[in-house]
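The values are calculated or read from the model by the stated rules, or taken from the named source; none is laboratory data. Here the structure is a predicted model, which means the values were calculated and not measured. Because the Cβ atoms are built from the backbone with ideal geometry, glycine has one as well, and the counts that use them run over all protein chains shown. For accessibility, only protein heavy atoms count, side chains too; no ligands or nucleic acids. Shrake-Rupley method; radii C 1.70, N 1.55, O 1.52, S 1.80 Å.
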Amino acid sequence: MVFTKSKAPVITRRIFLGLKHDRRSLGMILFAPIIAMCVFGIAFSGEVEDVDVIVVNYDSGAYIPMLNINISFSEKILGNIDTDVLNIKYESDEEKAMEQVENGEINAVIIFPEDFSRTLVQTIAAASGEGNNSDIRSPADFATSFITIRSDNSNVNVANAIIKAFQDALSKTMDEYGVEAPVGLEVDPVYAEDAEFIDMFVPGIMAFAIFLLTTLLTLISFVGERTQGTLERLMATPIKESEIVLGYAMAFGILGTIQAMILMVIGIVVFDIIIVGNVLLAFLIAALLAVVSQAMGILLSSAAKREAQAVQFVPLIVLPAFLLAGIFWPVEAIPTWLRPASYFIPPTYAVSGLRSVMLRGWGLEHVWYEISILLLFALLFLTGAVAMLKRSRR
Amino acid sequence: MPIIQTKNLSKHFGTVKAVNNLNLTIQEGEIYGLLGPNGCGKTTTIKMLCGLLKPTSGSATVFEFDSMSRKFQQDIGYMPQETALYPDLTVHDNLTIFGKIFGLSNSELARNEKELLDFINLHEKRDVPITDLSGGMRHRVSLICSMIHKPKILFLDEPTVGVDPELRLNFWKNFNELGKTGTTIIITTHYMDEASHCTKIGLMRSGDLITEGTPADILAKTNTRSLEDAFLAFTAREVA
Ligand SMILES: Nc1ncnc2c1ncn2[C@@H]1O[C@H](COP(=O)(O)OP(=O)(O)OP(=O)(O)O)[C@@H](O)[C@H]1O
Ligand SMILES: [Mg+2]
């Protein structure tokens with residue numbers, strides 16, 4: 001039997017040769033992700049200002065016998081809030097205030113409990129040794145005063161700005177009194193849970209860029225193969241449909257990995273992200289996403305007769321990924337009725353996989369789930385693309 | 001045993017009978033010219049013979065294989081009617097890609113490429129992207145792209161469109177030489193002067209084969225002196 005070498009690498013080579021001459025596509029592959037990352041990064045890392053919050057202040061103050069005054073620490077703290085950042089309104093009804101958070105009029109409700117100042121004074125007194133109790137070593141042994149922040153975390157950087165404004169005001173107030181007192185900020189997210197924007201951002205934009213560019217470039221490239229007649233010419237040669245699809249998959253898998261590398265470097269250099277996980281595992285996820293995306297591009301190409309029609313698919317590709325894949329806000333922040341849609345789009349798994357690897361440092365033992373689902377998508381879409389090509393011989 | 005044979009080969013696109021009960025027999029080394037007006041089914045016939053289109057009914061065998069079997073693709077060359085090349089790639093790159101798909105070694109490729117560039121007289125454009133070529137030049141490159149692996153059967157769909165007269169003459173000289181060395185060529189054209197170079201002609205109209213024979217046969221049948229007149233005579237006869 002004659003050993004016949006796979007012809008897939010020839011297709012891969014063809015794509016790279018084409019990129020060599022097609023500077024526009026090459027630029028899109030190399031620079032678009034960088035530009036997107038910088039634009040989003042700068043836009044989202046800017047100072048947040050004019051955030052509307054409601055304060056519900058139950059604090060009844062604390063009586064200081066020594067000075068014979070009633071002092072309210074909550075008012076001192078509120079007085080130290082940076083008013084550029086927060087617009088504070090007051091409300092006595094906590095429920096009414098919460099309603100406004102839930103319907104989005106207000107970003108957060110801040111609650112000072114009734115005993116806020118009393119607890120604080122006790123703690124400070126204890127810490128300064130006036131209690132004459134030698135067992136007390138640190139203020140931490142005492143009850144802590146709590147400020148509760150109930151914020152709409154679905155906009156993570158707004159939520160973070162509120163917390164930071166309060167932390168700053170707190171430490172400023174404590175500095176004024178020359179004391180160190182434990183005031184806890186109890187953050188109670190109404191929607192999304194613990195997320196820090198820049199952490200989520202880099203892996204998110206990585207997945208988004210790879211998904212979008214790969215799908216789009218394959219789509220355009222394949223519509224080209226059809227309209228130029230080169231696909232027909234290929235089909236009259238001994239090449240198999242699977243070799244054509246595989247050739248494309250290899251080319252875009254490599255390109256996806258290169259994009260991931262570029263974005264990682266930008267993330268590290270410009271945005272100071274620290275990658276704790278295995279970079280190779282991250283590349284694997286990036287390459288897998290690229291393979292899934294290119295197969296999707298080939299499948300979509302059957303619905304487009306001309307390049308111009310292909311461009312009409314752009315919103316169809318961009319919007320679901322942008323909104324549902326958990327790039328800018330966690331999937332958990334998406335309304336429950338819409339959430340199943342998130343689980344049907346491949347970038348969702350790449351985003352979560354990349355995040356786990358790059359930021360949590362998780363290994364294969366944790367991200368096998370995301371990787372297997374991406375593999376499943378790849379298998380499904382690649383088989384679909386091959387079947388679609390075979391169907392063209394009718 | 002004929003190298004190509006069709007039995008009631010038909011292709012219908014909805015209500016359009018693009019090819020209708022076609023019975024062709026083509027021998028090895030023949031230069032078979034498929035002629036006929038626009039839309040008579042020439043391209044559709046060629047695509048079916050290459051295994052690109054599935055017949056609606058009837059069948060075709062190429063090298064004794066069914067046309068849809070995909071067992072003979074290594075030995076055929078297909079030049080589509082539209083210039084089918086990668087526009088961003090150079091002439092050399094296009095030839096290399098298709099040569100590699102046919103499994104040519106680098107030395108075979110280099111040898112064939114040189115020979116074929118000689119044939120179309122386009123050495124100076126070897127490293128120029130297709131987009132920067134003139135229409136006729138693209139057509140010439142498209143032709144040799146289907147010949148890079150020296151196939152046993154060549155399907156050429158209007159290979160001489162937009163090619164200047166001198167080169168066209170040269171093309172036909174080459175096709176005749178190929179025929180003598182055993183290459184079979186199925187060719188379509190609208191130039192009647194070219195048709196006289198064919199060893200056999202099939203005249204199609206609205207999907208039907210209306211007559212077949214050597215150029216001399218056809219002239220004798222219609223009692224005309226040029227194929228042009230013969231062609232018109234046949235179409236007139238059909239209408240009447
Ligand atoms: N994919 C298709 N779908 C529908 N109809 C088609 C398709 N391809 C060809 N046809 C129709 O089949 C008929 C034959 O077309 P074909 O391309 O074979 O003609 P042709 O002889 O090659 O013409 P020309 O000299 O213009 O190249 C035409 O009526 C054409 O409209
Ligand atoms: Mg035609």
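Computed quantities for the displayed model
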| quantity | calculated |
| --- | --- |
| Residues in the range B:27-65 occluded by at least 30 Å² - accessible area, probe radius 1.4 Å, against chain by itself | B:L52 |
| Buried area at the B-A interface (accessible, heavy atoms, 1.4 Å probe, summed, Å²) | 2600 |
| Residues whose placed amide H lies under 5 Å from that of B:I210, excluding near-sequence neighbours | B:L203, B:M204, B:R205 |
| 5 angstrom amide H check on A:L86, placed H, neighbours 5+ away | A:D50, A:V51 |
| Listed residues A:T383, B:T181, A:T348 arranged by accessible area, highest first, probe 1.4 Å | B:T181, A:T383, A:T348 |
| Accessible surface, 1.4 Å probe, highest first, among residues A:E94, B:E124, B:E194, B:E177 | B:E124, B:E177, A:E94, B:E194 |
| Radius of gyration and maximum dimension Dmax of the range B:72-190, Cα, Å | 13.1, 37 |
| Virtual spin-label span in nm between B:N121 and B:N170, 7 Å along Cα→Cβ | 0.4 |
| Residue-span extension gain [B:A236 to B:E108] - 0.36 nm each, minus C-alpha spacing | 41.1 nm |
| Entries of B:K125/B:K173; A:K305/B:K7; A:K5/B:K150; A:K7/B:K114; B:K54/B:K114; A:K5/B:K173 with Cα pairs more than 29 Å apart | A:K305/B:K7; B:K54/B:K114; A:K5/B:K173 |
| For the range A:197-393, alpha-carbon Rg relative to the globular expectation (2.2 N^0.38 Å, N residues) | 1.04 |
| Residue-averaged beta-carbon neighbours from other chains (10 angstrom radius) around B:77-89 | 6 |
| Shape of the range B:200-240, Cα gyration tensor, a/c cut at 1.5 | oblate |
| Cα-projected label distance for A:I34 with B:R225, points at 7 Å along beta-carbon direction, nm | 7.3 |
| Carbon/sulfur fraction of accessible area - the protein assembly as shown, other protein chains in place, 1.4 Å, % | 56 |
| DSSP beta bridges in the protein assembly as shown [antiparallel fraction, %, rounded to 5] | 45 |
| Solvent-accessible area per residue for the range B:200-240 (1.4 angstrom probe, square angstrom) | 55 |
| Gyration tensor (Cα) of the protein assembly as shown, equivalent ellipsoid semi-axes in angstrom | 77, 23, 19 |
| Of all DSSP beta bridges in chain B, antiparallel share, percent nearest 5 | 55 |
| Electrostatic dipole magnitude of chain B [Cβ: Lys, Arg +1; Asp, Glu -1; Cα centre; debye, to 20] | 640 |
| Additional length obtainable on full extension of the chain from A:L26 to A:M66, 0.36 nm per residue less Cα span | 6.9 nm |
| At R0 = 41 Å, FRET efficiency that the Cβ-Cβ distance of A:L319 and A:R394 yields, to 0.05 | 0.80 |
| Accessible area (Å², 1.4 Å probe, nearest 10) - A:S352 | 40 |
| Ordering of A:283-290, A:80-87, B:165-172 by packing [mean C-beta count within 10 Å, highest first] | A:283-290, A:80-87, B:165-172 |
| Total charge dipole magnitude, the protein assembly as shown, about the Cα centre, Cβ charges on Lys, Arg, Asp, Glu only, Debye to nearest 20 | 5080 |
| Positions from the range B:100-121 whose accessible area shrinks by 10 Å² or more when the full protein complex is built, not the chain alone, probe 1.4 Å | B:K100, B:I101, B:F102 |
| Note, ³J(HN,Hα) from phi for the range A:90-107, Karplus 6.51, -1.76, 1.60, rounded to Hz, x at Gly and Pro | 10, 8, 8, 9, 4, 5, 4, 4, 4, 4, 5, 5, 5, 8, x, 6, 10, 7 |
| Overall Cα dimensions of chain B - principal axes, largest extent first, Å | 54, 39, 34 |
| Relative contact order %, chain B, counting alpha carbon pairs below 8 Å whose residues are six or more apart | 26 |
| Distance (nanometres) between label positions extended 7 Å along Cα→Cβ at A:N103 and A:Q312 | 4.0 |
| Relative contact order for the range B:200-240, counting Cα pairs under 8 Å that sit 6 or more residues apart, in percent | 27 |
| Which of A:S392, B:S67 is most accessible, then next, and so on - probe 1.4 Å | A:S392, B:S67 |
| Theoretical ellipticity at 222 nm over chain B - DSSP helices of four or more residues, -39500 (n - 2.57) apiece, nearest 500 | -11000 deg cm²/dmol |
| Taking the range B:121-240 and dividing mean pair separation by its residue count, relative contact order in percent (alpha carbons under 8 Å, at least six apart) | 17 |
| DSSP beta bridge pairing in the range B:72-190, given as percent antiparallel to the nearest 5 | 10 |
